[in-house]
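Here, each number is a calculation from the coordinates, and none is a lab measurement. These figures come from a predicted structure and were not determined experimentally. A quick note on method: Cβ atoms are made from the backbone with ideal geometry, for glycine too, and the neighbour counts reach across all protein chains shown.
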Amino acid sequence: MLDSNIFACIVKNAPLISIDFIVENNGKILLGKRINEPAKGYWFTIGGRIFKNETIKNAMKRVLKEELNYEGKFIPKFIGIFEHFYNTGFNGIETHYVNMAYKVENMNISDLPKKQHSKYIWLSKEEIFKRDDVHKYVKEYFRGSEYV
């Protein structure tokens, strides 16, 4: 893990690379209520940063384990690259993410951790667009023809 001062310097001066998972089971998307900045208090997809010298594949496995307590098989379908800009983030620093979104389906998920999300909800794409408490960046994943 990075020292918090070093990480703050990185956040202030460079974009972070992250992965988000659009977890879909039976036509519903799994969202978590964010505990931390950025996007604190919003429903958001499951995801996390990629660490230095960590392959994308290993980052996927780690994020699924940490965020969903999931260690089973999964077949990620690449949706696209998105940019997320936040006025607040780590220690209140404006944060820029370059985010790779992937769809994963039919995962057997239970015993969801509460470290990053206080609670979880399954919503249809239509429900996602109707809610003001679903973050705008989540809605972007479903706007284009990339999402199937």
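Annotations for the structure displayed:
- Axis angle, to the nearest 10 degrees, between helix 56-68 and the longest C-alpha principal axis of the chain: 70 degrees.
- Under 18 Å from the Lys136 label point (7 Å along Cα→beta-carbon), backbone N, segment 72-105: 82-89, 94-99
- Using the alpha-carbon positions of the chain, Rg (one decimal) and Dmax (whole number) come out as 14.7, 43 Å.
- Gaussian network model of the chain, Cα within-10 Å springs - most flexible of Lys103, Lys12, Lys73: Lys73
- Between 0 and 90°, nearest 10: helix 4-13 axis offset from the chain longest Cα axis: 80
- Comparing Thr95, Thr55, Thr45 in a Gaussian network model of the chain (Cα springs below 10 Å), the most mobile by mean-square fluctuation is Thr55.
- Normalised by 2.2 N^0.38 Å, where N counts its residues, the alpha-carbon radius of gyration of segment 1-68 equals 1.24.
- Proximal charge balance of Lys115 [Cβ under 15 Å; K/R count +1, D/E count -1]: +4
- Residue-span extension gain [Lys125 to Asn26] - 0.36 nm each, minus C-alpha spacing: 34.5 nm
- Springs between Cα atoms under 10 Å define the GNM used for the chain, and in it the highest mean-square fluctuation of Lys33, Lys65, Lys52 occurs at Lys52.
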